[in-house]
Amino acid sequence: MTKLTNPGLVKTNRRNVLRGSVLAGAAAVAGTGAGAMATQRPAKFDAINAASAKLYKAAGEQTAETDAKPADLSGYTRVKQELVAPPFAPEHEQVATGGPKIIEVTMETTEKLMVVDEDTGAEVWALTYNGSVPGPLIICHEGDMVELTLRNPVDSVMEHNIDFHASTGALGGGGLTHVYPGEETVLRWKATKPGCFTYHCAPGGAMIPYHVCHGMNGAIMVLPRDGLKDRDGNPLRYDSIAYIGEQDYYLPKDENGDYKTYEAAGDDYADSIEAMRTLVPTHQIFNGAVGALTGENALKAKVGETVLMVHNSCNVDSRPHLIGGHGNYVWETSFTDPALTGVETWFVRGGCAAAAMYTFEQPGVYAYVNHNLIIGVLLGATAHFVVEGQWDNNLMEQVVAPREFST
């Protein structure tokens, strides 16, 4: 089925969608072989994409023309990090041992049909890193190098790349990582700033919000080499990580108010752009789908365990609150700055990731919500922690069960 991808300019089917968003920056730095390939697929841009296209191309050309010396990797040890699906975190050291490391990670830009809400039949052709929304959590230490191999499977429809908010230069690496279906690239960058940071796909122009709002974002945590500490320098340790990604979807509906379905990734482009312009999400949820972190998928903990909640919100502001608990320590921006303490509801800026630490003191179900409760309850941004252990009446006690009373 033919759709109008760039209104008034380019008529295209789903395989031509990527040609309307292609950026030349990656080819400019990849050598003559890649350059020859790029000449066979000229980029076309409408007014929406033109500014970003030039920006990404310039970022690539600037790096290609530099006479900078190769990076000095002496003293670095290579470590392969096996990424895992959210809400879990990869194996890592909380306190770095030895010298700086080159953390090797591999991600595939998988395009897949995902159910957003089983009750309504809402679904989306998600654009993902490693098949999950959000993409996997990467963990390293300040001073480490992150070396990413980014692969775009040959059966993909679109071009993809990655912008690391934690990195420095070339639009977060976005200008150097454009991969077409069947291509891979390797990007290495130094983690110089400790904290939690967003990464996301940013092909250029309208394709940037399109990819982000189809799930193509995630987080990286850069720990201080000596681990997390309180404001007095005392060490803070956690027993586990709960990795939560807040995703806003703008799913097109038909004239009857039913969610539309599409044959393949990219078919919804024109409809999605129109829906996104309203700035009113149909869903704002955790980890890609309604109920992804509730019921059988609820997060698990025990009384006395300390959980570090890493919250990524690539596109919208969020106000996380743990109902029945608190943020004992909250890092809204950087691990360099002292943590906020005793926080009831914290703030995650759109385009950021943040971390909050809590030690559970009572058993039961805790709801972790966006405390804009319209979003948390009506749009789906709710997760549950199911905590096992012994109840402590010194902290809370039901003195009288509900009963009738007379006046």
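Worth a mention:
- Proximal charge balance of Thr110 [Cβ under 15 Å; K/R count +1, D/E count -1]: -4
- Charge sum, other residues only, whose C-beta stays under 15 Å from Gly327's C-beta, Lys/Arg counted +1 and Asp/Glu -1: -3
- Taking a ≥ b ≥ c as the square roots of the eigenvalues of the alpha-carbon gyration tensor, segment 114-178 is classed prolate because a/c is 1.5 or more and a/b outweighs b/c.
- Of the GluC sites (Glu not before Pro) found in segment 224-289, those that fall in a DSSP loop while having at most 12 other beta-carbon atoms within 10 Å are Glu255, Glu263.
- Dipole magnitude (debye, nearest 20) for segment 313-407, charges at Cβ of Lys, Arg, Asp, Glu: 260 debye
- Among the listed pairs Lys80/Lys193; Lys80/Lys260; Lys80/Lys253; Lys112/Lys300; Lys229/Lys302, those with a Cα-Cα distance over 32 Å are Lys80/Lys260; Lys80/Lys253.
- Two-site FRET efficiency, Gln390 against Lys229, from Cβ-Cβ distance with R₀ of 25 Å, rounded to 0.05: 0.25
- Rounded to 5, percent antiparallel among DSSP beta bridges of segment 232-339: 45 percent
- Label separation (Thr359 vs Phe405): 3.7 nm, computed from points 7 Å beyond Cα along the C-beta direction.
Just so you know, all these numbers are worked out from the coordinates, no wet-lab data involved. Bear in mind the structure is a predicted one, so any value in this text is a computation, not a measurement. Methodologically, a virtual Cβ is constructed for each residue, glycine included, from the backbone with ideal geometry; neighbour enumeration extends over all protein chains shown.
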